[in-house]
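Here is the structure we will look at, set down as structure tokens.
Every read-out reported here was derived from the displayed coordinates using simple, explicitly stated rules and does not represent laboratory data. What you see is a predicted model; the values in this text were computed from it and never measured.
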Amino acid sequence: MVITFTVLLILSSLLLILLVLLHKGRGGGLSDMFGGGVSSGLGGSSVAERNLDRITVGTALIWTACIIALGLLLKAGS
Amino acid sequence: MLGAFANAFRTPDLRRKLLFVMLIVVIFRFGSQVPAPGVNVGNVQACFAQIENDGLYGLINLFSGGALLQLTVFALGIMPYITASIILQLLVVVIPRLEALKKEGQAGQTKITQYTRYLTLALAVLQATGIVALARSRQLLQGCPDPLLYNEDSLTTMVVMVITMTAGTAVIMWLGELITDRGIGNGMSILIFTQVVATFPSALWQVKVSRGWWVFALVMAIGLVLVAAVIFMEQGQRRIPVQYARRMVGRKMFGGSSTYIPLKVNQAGIIPVIFASSLLYLPAMAVQFAGQSRSAWADFLNTYLVSGDHPLYMAVYFGLIIFFTYFYVAITFNPQEVADNMKKYGGFIPGIRAGKPTEEYLNYVLSRITLPGSLYLGLISLVPLVALVLVNANQNFPFGGTSILIMVGVALDTVKQIESQLQQRNYEGFLR
């Protein structure tokens, strides 16, 4: 049980990192961060981007579920 | 004022954005409470209660909202992103290729952002490994003998924790970008703001518990005065008049307007403070890694550069802030570029010739106006350290310089953005 969730957690973590990196960065860096003026990027996201969003959210949900499950299992196990 | 809030929520577009930001913030705070798998929560809580008043963890705990020491999923917070941004910001000055990218405009900027993201994850792996290793050898919370992990010797536990925390950092980065993209304000700064504000009530309550109501009231009063002072300084700007020449293109008249270049007193924002405190965090970290085997240099660092109440520490902090203020202003505001642009569009400052003299004039004014700005930043940041000495408060003194600057800076910025959205519908805003 623990092993299954551990493997699943590692896989989903790696996938999540990859998916986030695939997104187009919109951070704008530090200069933008504190008092950078108004720079709202208008123009909706493309279909690919929206699908990527969906996949990312799905992976994140699996990831969260794994963490919570593992936490409960380990707590019960010790 | 309240009417403006109601208006903000009555506008469908703005309401959606505000609710979206709130949702993200809730998710973020939730993740900051969920412990990473393998952490013995009971022991961590017990240790945490003992150690909370220790000043050593001040800044890092501030930025992670207490998540770091509790070893949660989002333990690293936005620290890796900030560090990565700082490093890239410095590298742009040093490496010609990056400088060329920056000058390229939008496309180059996107590329630099992408590099920042990669570097963030690399740093996250490093920091996560460091923290998990510290937790494993029971040195994360010093003076606490209980094991923080369930299975200290197992390599799997360690690997899982490191990977989970790294993924957590990636998620935080994504959340921040989502806010920037679809919400309002800048995502990363709103997330920092959240973490700073999250530790705020408990820090205030600490004052009340340890000192009683009178000191509590006094601290509140001082805090309000400080906030007012910070707002006053942040809003202060020198307006350099610019006159645009009137010219005819075909049958149309262009220009002839007079505007101004706003030079803020504190053009650099709070970035110098963050830079300086990140740098000063290094010796503390070195001492922590040195651990029990105290050598001469570790002792030296410990007495002079770790505890915030030593005069040398304050002097170094102050000096660093002033240096970084000038440094950052020099990076962000380029008088030559501004002067060239003005010349191109037929603008001039009354009484000063276009081109080189304009550039020199801008440079002159900027370096003069940055002096009070940098002094102000340094003084505000020293407030908690001075309070530490005067009333013997802990370093998490709620109205600490860095936290006040972050709170006021981000709040002002976000309100301004909300207002500019609001003005598309009606003119009554928050600020008058």
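Annotations
- Proportion of all alpha-carbon pairs of segment B:151-245 beyond 19 Å (%): 70 percent
- Between B:Lys264 and B:Arg238, the built amide H atoms are under 5 Å apart, and every one of these is 5 or more places off in sequence or on another chain.
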